[in-house]
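Chemist: I have a structure I would like to understand better, so I am pasting it below and will then ask my questions one at a time.
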Amino acid sequence: MNRSALVVGVGARRGASAGEVLGLIRATLETAGLLPGDVVELATLDTRADRPGVAGAAELLGVPVRSYSAKALAEVRVPNPSAATRAAVATGSVAEAAALMNAGELLVPKQKSASATCAVARRNPMSGTRASTDGSRPSTMAAMLPPTKHVDSAGPDLRHHGDAEIRGLDLTDLAVNVRTGTPPDWLRERIAASLGSLAAYPDGRQARTAVAARHGIPGERVLLTAGAAEAFVLIARALPARRPVVVHPQFTEPEAALRAAGHDVGRVVLRPEDGFRLDPAAVPEDADLVVVGNPTNPTSVLHPAAVLERLARPGRTLVVDEAFMDVVPGEREALCARQDVPGLVVLRSLTKTWGLAGLRIGYVTAEPGTIALLQEAQPLWPVSSPALAAAEACMEPRALVEAADAADRITVDRAHLLAGLAEFSEVRAVEPAAGPFVLLRLERADEVRELLRSRGFAARRGDTFPGLGAEWLRLAVRDRVTTNRFLQAFDLALQGLPRRAAS
């Protein structure tokens, strides 16, 4: 991918906060259609490099600060000079001069906030490797990370989802992990009651408070989103990441969102021989954003919280997708409410357990500074009033009891499915399983899937998940009656496989 290396020149008065400087930079980049992930350094006057606003913004972006003397900046011709700035520091614009010092083209002229300025330039191809001869010095000792090895996404289709298996067809759905028989009547009524307020703009304060209370955390640690999918997009666009890594096999949307935001994405691929268990040592030390599911889709593996905690460290964002954690009895191994794990970002979805995939509602928990960055990247009113009403209702004691009962039933139904699959010598299921789905391996799985479709059942293909192939299928857990019908169809599908000629 041919991407620009951007230099952001920054000027900041005393007292300018990192939040103000970072907000100005992000707004400037967004308006110009540029990506935060392409910024390789901030540049400024040497007497301003250590100010909290500049140094803090660079730390949040994950880039170094390069500073220049007033004499060096004064020699740079700037398009938008200020007489007052020239009188104070010899250059007509600290932001434009610093941006242009090692850059060939000014992309965005000087932009202002109350206490800061910034300008954006494209860096010269050789400026990152030549020795400094212009009086500059890197004042933030954040070394450039080695490039992440690019994994060609032309292999697995990262945008393929289970609904494609059933769209427009009258099939028993084992491809999508939404709980059947949902949403319940009481939730439908709460959603319907919210329709009377559609003329007003959505107000998410009550729903946010309800989510925070449910997890026992402050409200400023919660962000409501239009499903977990929006959260992945926000993370990819708003959080600094120079070497993001995704642990696979898992839900593919996080990697797709990171790639769409211009990131090169590294992969840690877990092995079936290890039961798809995670060894934290497999994650590169220099990975500054790590994404992992728990329990993981499609493997149904539940990683111990203590193992995931070993991935956390200062300077790294640890994203844990807990979209299916409410299906785990007692939500053991959950990290959603933890406030002591550095860099932790946890995603939750309400669409699976409550049958709200069409409504789009989920949330993020993280430290307040991270929540603020994600919220800045959201459009205004991102979650609709009906979705907010659903979120609030799903946090009530009655809903939590119903969700716990559903988790217990799914545990029993999953054991029934696994016991049935164990009768087939051709099949190897991944166990122990903790999600509302199971992953199985068998030869000619692609042919079996097509035979199942002819018998009225849709199964999720596995070859679109990095780390899996055409011999894998994922099955959603259903009630015993549905499972028994499926097992009969599965038996007939295996018997119906055409014989292959002997080689």
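Chemist: Against the condition within 17 Å of residue 227 (Cβ to Cβ), polar (S, T, N, Q) and within 15 Å of the chain's Cα centre (by Cα), how does residue 365 come out, does it pass?
Modeler: Against the criterion (within 17 Å of residue 227 (Cβ to Cβ), polar (S, T, N, Q) and within 15 Å of the chain's Cα centre (by Cα)), residue 365 qualifies.
Chemist: For a quick check of your reading: which helices (runs of 4 or more DSSP H) sit entirely within region 394-503 and have at least 1 residues that are within 16 Å of residue 177 (Cα to Cα) and in contact with a strand residue (DSSP E or B) (Cβ under 9 Å, 6 or more places away or on another chain)?
Modeler: The qualifying helices (runs of 4 or more DSSP H) are 397-421, 480-495.
Chemist: Here is a follow-up. Name the pairs: first residue in region 260-273 and assigned to a helix (DSSP H, G or I), second residue hydrophobic (A, V, I, L, M, F, W, C) and open to solvent by 20 Å² or more (accessible area, probe 1.4 Å), Cβ to Cβ under 9 Å, at least 6 apart or on different chains?
Modeler: These pairs meet every condition: 260/233; 272/468.
Chemist: Next question. Among all residue pairs at least 6 apart or on different chains, which show Cβ distances below 8 Å where the first residue, located in region 419-443, is over 18 Å from residue 408 (Cα atoms) and the second is surrounded by fewer than 14 Cβ atoms within 10 Å (Cβ to Cβ) and of a type in the set (Gly, Ala, Ser)?
Modeler: 429/422; 430/275
Chemist: Regarding region 415-437, can at least one residue be identified that is among the hydrophobic types (A, V, I, L, M, F, W, C), open to solvent by less than 40 Å² (accessible area, probe 1.4 Å), more than 30 Å from residue 205 (Cβ to Cβ) and touching a Phe, Trp or Tyr at 6+ places or on another chain (Cβ under 7 Å)?
Modeler: Yes, because at least one residue in region 415-437 is among the hydrophobic types (A, V, I, L, M, F, W, C), open to solvent by less than 40 Å² (accessible area, probe 1.4 Å), more than 30 Å from residue 205 (Cβ to Cβ) and touching a Phe, Trp or Tyr at 6+ places or on another chain (Cβ under 7 Å).
Chemist: So which of 311, 356, 350 ends up being free of Cβ contacts under 8 Å to residues at least 40 places away in the same chain, touching a helix residue (DSSP H, G or I) at 6+ places or on another chain (Cβ under 8 Å), buried (at least 19 other Cβ atoms within 10 Å of the Cβ) and under 24 Å from residue 296 (Cα atoms)?
Modeler: 311
Chemist: Residue under question is residue 318, and the condition is that it be within 26 Å of residue 245 (Cα to Cα), open to solvent by less than 50 Å² (accessible area, probe 1.4 Å) and of a type in the set (A, V, I, L, M); does it hold?
Modeler: yes
Chemist: Here are the criteria: (1) open to solvent by less than 60 Å² (accessible area, probe 1.4 Å); (2) out of contact with any Leu (no Cβ under 8 Å at 6 or more places or on another chain). Tell me which single one residue 98 does not satisfy.
Modeler: (2)
Chemist: While we're on this one: For region 168-221, what are the residues that are open to solvent by 60 Å² or more (accessible area, probe 1.4 Å) and within 28 Å of residue 486 (Cα to Cα)?
Modeler: Scanning region 168-221 gives 168, 169, 170, 180, 181, 185.
Chemist: Of the residues in region 321-343, how many are among the aliphatic types (A, V, I, L, M) and open to solvent by less than 10 Å² (accessible area, probe 1.4 Å)?
Modeler: Qualifying residue count, region 321-343: 5.
Chemist: Can you tell which of 228, 241 is outside any loop (DSSP other than H, G, I, E, B), under 12 Å from the mean Cα position of the chain (by Cα) and closer than 30 Å to residue 472 by Cβ?
Modeler: Of the residues listed, the single one that is outside any loop (DSSP other than H, G, I, E, B), under 12 Å from the mean Cα position of the chain (by Cα) and closer than 30 Å to residue 472 by Cβ is 228.
Chemist: Do you know which of the residues in region 266-285 that are open to solvent by less than 40 Å² (accessible area, probe 1.4 Å) and of a type outside the set (Phe, Trp, Tyr) is nearest to residue 323 (Cα to Cα)?
Modeler: Among residues in region 266-285 that are open to solvent by less than 40 Å² (accessible area, probe 1.4 Å) and of a type outside the set (Phe, Trp, Tyr), the one nearest to residue 323 (Cα to Cα) is 278.
Chemist: Which residues, taken from region 55-85, are without any contact (Cβ under 8 Å) to a residue 12 or more places away in the chain and either of a type in the set (Gly, Ala, Ser) or open to solvent by less than 30 Å² (accessible area, probe 1.4 Å) (or both)?
Modeler: 82, 83, 84
The values are calculated or read from the model by the stated rules, or taken from the named source; none is laboratory data. Note that the structure is predicted; figures quoted are calculated from it, not measured. Every residue, glycine as well, gets a Cβ built from its backbone with ideal geometry; the counts of neighbours run over all protein chains shown. Heads up: the accessible areas ignore ligands, DNA and RNA and are worked out on the full protein's heavy atoms, side chains in. Shrake-Rupley method; radii C 1.70, N 1.55, O 1.52, S 1.80 Å.
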